[in-house]
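Novice: Okay, here's the structure, questions in a sec.
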Amino acid sequence: MTLKDGVWTVNPLAIQILGICSALAVTSRLESSLVMGAALIFVCVGSNLFVSLLRKYTPHRIRMIAEVAIIATFVILFDQFLKAFYWDMSKQLGPYVGLIITNCIVMGRAEAFALQNPPLLSIVDGLANGLGYAGGLAIIGLVRELLGTGKIFGHTVLLEQWYTPNQLMILAPGAFFTLGVVIAVFNALRGPQDEEENK
Amino acid sequence: MKGSLYTIGYAGVLGTLCALLLTGVASFTAPYKANNARVEEVLSILTALGIPHTPDDSAARLLEIFDASVRETQRGDSTIYIYASPDDEESPQAVAMRFAGPGLWGPIEGFLALEADRRTIRGLTFSRQEETPGLGGEIGASWFRDQFVGKTIVDRAAEPGISIGGEKGPNAVDAITGATMTCDKLEAILDGVIGKFVEERHEEQ
């Protein structure tokens, strides 16, 4: 998968509709959205790389367990560093960093791409999907924090005098609405791709 | 047979390598995580004792405030935290003690702070609880904790203990609807630490 595919044409969040749970849970603030996006890029690239490097040695029968082991290792690595050096963010993100192990995007790319392709292409694929996910998360996080609290990165942008923060945006319904709009806009702007490919 | 042997061997090697790597990372990050846990604890104690600090204070600043205003002493086999202004050490303003015990889903830990009279509650904070979010988890909410401020740790008959959801009284607070078990367990934990505190005070006198 090329970078353009991962970020736009087949965006994992908006087009493939994967990784929705974390996209709703951690995007109440832009900062946590970006950290979560970075986590997924790290895990996706790392796991894709190692699954690809080991693809000729991994027995077919246990390939999925091996993939999960590699993914879990990267996730725990990131989680440990977060707990040690960025404790406040770790508390904010809660269980969602650990849940990256169950994120369909990571496992999906490892099984569908990294297992059959050389390491360099796998790195690009991991990066592409990670950036697509992170980009989607950043947009949702920006909208929710801005409209929900009037702030970006904790700094007030929309002054209290003329903007009353819409509390609904930082709660669950706000997440669903924003995600829905993002998916709709992505699909509308991208246009129907499948028909062109079938010609 | 040879295929199975290779499969088992591969799984063993991969598992071992992953485990070794993660063990190494865990050891490396252990001191930093321990420091973070200490800062969390200090924050809990400062909040319970009502010592002024702001949310923007850095970890170093919090430790500074703690070292300046709080004295840790051993009493029996428990540690108590005494809040005394540096120029008036003889008459402490408040005392805090840690409580810990089993909740419904996991451990409940926190700090109970008493005023100088050692009877009236000054503050209650939780440093750790894993109760049901929205139900038992509400024990961490400020409305629940604020109830305790001003209550006494002894009832009208001077018996030590806290009552959560029982008869109204100087030592009673409201329970949380839908969180009966959590409240019962919390009451048991607090009664335990209060009982011990009162007992040790009588021994001192």
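The values are calculated or read from the model by the stated rules, or taken from the named source; none is laboratory data. A quick note: this is a predicted structure, and the numbers were derived from the prediction, not measured. Neighbour counts run over all protein chains shown; Cβ positions are idealised from the backbone, glycine included.
Novice: Can you list the helices (runs of 4 or more DSSP H) lying wholly within the range A:21-104 that have 2 or more residues being modelled with pLDDT under 95 and within 26 Å of residue B:11 (Cβ to Cβ)?
Specialist: A:63-85
Novice: Turning to a different aspect of this structure: Taking the range A:80-96 as the search range and keeping residues that are of a type in the set (Gly, Ala, Ser) and surrounded by 14 or more Cβ atoms within 10 Å (Cβ to Cβ), which one is nearest to the other protein chains (Cβ to nearest Cβ)?
Specialist: Only one residue fits best here, namely A:84.
Novice: What do you reckon, is residue B:98 closer than 18 Å to residue B:44 by Cβ, in contact with a Phe, Trp or Tyr (Cβ under 6 Å, 6 or more places away or on another chain) and surrounded by 14 or more Cβ atoms within 10 Å (Cβ to Cβ)?
Specialist: In short, yes.
Novice: Would you pick out the residues in the range B:24-73 that are over 16 Å from residue B:125 (Cα atoms) and touching a strand residue (DSSP E or B) at 6+ places or on another chain (Cβ under 8 Å)?
Specialist: Those that are over 16 Å from residue B:125 (Cα atoms) and touching a strand residue (DSSP E or B) at 6+ places or on another chain (Cβ under 8 Å): B:69, B:70, B:71, B:72, B:73.
Novice: Those residues that are surrounded by 17 or more Cβ atoms within 10 Å (Cβ to Cβ) and closer than 23 Å to residue B:77 by Cα, I need them from the range B:101-118; list them, please.
Specialist: Within the range B:101-118, B:103, B:108, B:109, B:110, B:111, B:112, B:113, B:114, B:115 qualify.
Novice: Just checking, does the range B:135-153 include any residue being more than 19 Å from the chain's Cα centre (by Cα) and free of Cβ contacts under 8 Å to residues at least 12 places away in the same chain?
Specialist: No, there is no match, as no residue in the range B:135-153 is more than 19 Å from the chain's Cα centre (by Cα) and free of Cβ contacts under 8 Å to residues at least 12 places away in the same chain.
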